[in-house]
Each structure stands twice: as C-alpha cells, then as structure tokens.
Amino acid sequence: MTPNSIANSKQTMTSRWSSLLRYFSSTRGSSGPVAVRVDYAPGAGRGVFAVRDIAVGDLIHTADPVVAHPALASLQKACYYCLQGIKKQQKTGRLLPVTMGSANTARILSKLTPDDETGHASIFCSMSCEDSAAKVFYSIEKQADWSQLHAYCSTHGLRFPLVAKRLARMVASSATSEHVLDILTHVNLSQGIIPDEWKNERRLLLEALMSTTVAPQSFEFLTEDWYAGIIARLHLNAFRVERIDEQDAGDLLAAATASITGDSIVGTAIYILPSMYNHDCDPNVNILWPNNVTANLVARRDITAGEELRITYIDANMPCIARRSSLQQAYGFVCECDRCKEGD
C-alpha cells in the first residue's frame, strides 16, 4: 500500500522492482502468468497495472503471504499456519477444516495443542500445514512462553506484534531473510524516535525467544531498529484476512454484521505484490480470502489493458469525510479519487 506522501523517486523504485520480477513471474492468474505489471503511478509512487484486458469476475492473480498470523480470537477457529477455518461438528465434537467453495473432503485435524498458560493454542488443518509450520517457525515457538506478549496484545488490541513474532521466528529458523520486507514502504517515525510502546513489544518478544534452547546469536538481528522497521511497514502494508463463516455466506446481513464487529477477521498477513496496489474508494479490484491465507485478487468490473488496478484500504461504504479522515490518519495521505473529489 503506497500513500502519496511517501512516494519514492521513479529511479529508485525502478531498481527495486527489478528484484521482484522473479517473484511476479511465478505468481499465477486464472489463465497463466499474472496479467499485471508494477510501474510508476503519477502522484502515488508505484502502482499495479493491467497488461491485458480483464473481464469482471476474473481472478487476476493469487498471492501467498510473506508472513501471517491468526488473530488471538481465532486461535481455536483457524489453522495456525494457513488460517483455513476450523469448525466443530455438533454431533461428534470433531474439529474439521472449513473449505469454502470446494468439494474437497474435510480431513480431521492432525493436531490440537490445548490452550495453556504458555500462550499455545495451535490447531493445524492438515499434516502438511503442521509440517510446514515446524520447518519455518513452530519448532522454536512451541518452546517459548508467549503468555505475556499475548496478554499485552489482547489488552491493547494489537495484532502487528504477533506478525513480528512469527517473522522473527522465521528469520531465526533461516526460513527467510531479516530484510524480506525492506522493499515495502513504511511510516516515518517522528524525529526518528522509536515509540516506547514498540520498544516494550520488542522486549517481550525477545524475552520469550531467549527462553528457548535456540542459540542467543540466532536473535542478534532483533534490534530495536529492526523491530521498529517491521512494525513501521506493517502499519502501511498489513492486510486483515477476513472470511465469512459458511453458515453466514448466504446471509448478507449476517455477513455484514460479522465484518463490522470484526468476527470475520481471522488474522493478519503481509504480501509483496498486493502491497503494491494503490487505494481507491471505488476500486476495480477486490482482495478476497475464500479458503485460507492465500489472497485472491478479483476484478470488480471490466478492466482495460494499461489501466491501474486499485483496491480499497478501508470500508468504502463510509461517508466521504470519514473515509478521508481514516486514510489520512492510517496511511498519511488525503484521498483524491473521483468519489472523494465529488464528495460522494
């Protein structure tokens, strides 16, 4: 997500985009390689553009996250790795994956770690997810006591420290680089001073990690500057992964209520390509999560080749004044889309 006030120069962005070509070429759309390009967007820094005509309803591309973490309220309702929904059968009491829009037979969960005082409440929807989690973060996580960090996040309504927690474990496990998010835009700290709240979050995270059997030097990257850089990028680029329960999918009122109350939020994720999309209060693209944390970018209307693809960062149903205020506070720019210019 690229606020107008934090646009980089065209030359700088061009050099950064070249490093993403391999990633973009591996991302798939509904009919082969992804049908978009990242380029300079006047007044908004970088943006995503269609390279061919796209019909309404077409799947433009999918995107897997760099890192994701379920919401604390969803720890017993979503897979700890892929965020696929989990439901309990009323008759048998078994926990089964919820597979929206798929005819696949649901499988019994491979593992359930009961909630306990260490902050563990890990459910996996399959053996594959459990194995993948063990390789990239869970082997370290299950050794630590996360109760203080989880309590802090719960008390203050925070979600970004949870994502930073998982990313730190991935770096410590050599599953990814400590610089993996460097290409993304970030909020500018006032006078370069790291907020005390962020320092405290980082302290809680480091204390939990240092309680494991992992060598301390594995966490040398986790400095205050590194943590602040991650949180600053999450503020502009993190997505709330929302999914409507199957029983509410056909009930528009229930679905809308779930979205407003936050019950539809199953976690937070950060992506590379979707983070390049700019905002519009009348977007031509929806970002959806029909099954799990894999994002689906779908055309809301017919799109012509060369047209910029835009999503909405906020609830576009709000009045114009509320939308503009929300965007300025959260992302640092005044929206100048057609709807806002017309006062709609």
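The values are calculated or read from the model by the stated rules, or taken from the named source; none is laboratory data. Please read all numbers here as calculations on a predicted model, not as lab measurements. Here Cβ is always computed from backbone atoms with ideal geometry, including for glycine, and neighbour counts include all displayed protein chains.
If we scan segment 198-212, do we find a residue that is polar (S, T, N, Q), closer than 30 Å to Asn286 by Cα and modelled with pLDDT of 95 or more?
Within segment 198-212, none of the residues are polar (S, T, N, Q), closer than 30 Å to Asn286 by Cα and modelled with pLDDT of 95 or more.
Within segment 205-217, track down each residue that is among the polar types (S, T, N, Q) and closer than 13 Å to Phe137 by Cα.
Thr212, the sole residue that qualifies.
Scan segment 218-228 residue by residue and report those that are within 22 Å of the chain's Cα centre (by Cα), crowded, with 19+ Cβ neighbours inside 10 Å and over 13 Å from Val163 (Cβ atoms).
Matches in segment 218-228: Leu222, Ala228.
How do the pairs read when you match residues in segment 60-86 that are free of Cβ contacts under 8 Å to residues at least 60 places away in the same chain with residues anywhere that are not hydrophobic (A, V, I, L, M, F, W, C), using Cβ under 6 Å and keeping only pairs 6 or more apart or on different chains?
Listed by first residue and then by second, the contacts come to Tyr80/Ser122; Tyr81/Ser132; Ile86/Lys77.
So Ala305 ticks every box in (1) aliphatic (A, V, I, L, M); (2) exposed (fewer than 14 other Cβ atoms within 10 Å of the Cβ); (3) at pLDDT below 90 but one. Which box is left unticked?
(3)
I'd like the residue in segment 32-61 that is under 25 Å from Ile265 (Cβ atoms) and crowded, with 18+ Cβ neighbours inside 10 Å and, out of all such residues, is nearest to the chain's Cα centre (by Cα).
The extreme case among them is His61.
Listed here are the residues, each with its yes/no results for (1) part of a helix (DSSP H, G or I); (2) surrounded by 13 or more Cβ atoms within 10 Å (Cβ to Cβ).
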{"residue": "Glu178", "(1), (2)": "no, yes"}
{"residue": "Ile183", "(1), (2)": "no, yes"}
{"residue": "Gln191", "(1), (2)": "yes, no"}
{"residue": "Arg202", "(1), (2)": "yes, yes"}
{"residue": "Ala208", "(1), (2)": "yes, yes"}
{"residue": "Ala232", "(1), (2)": "yes, yes"}
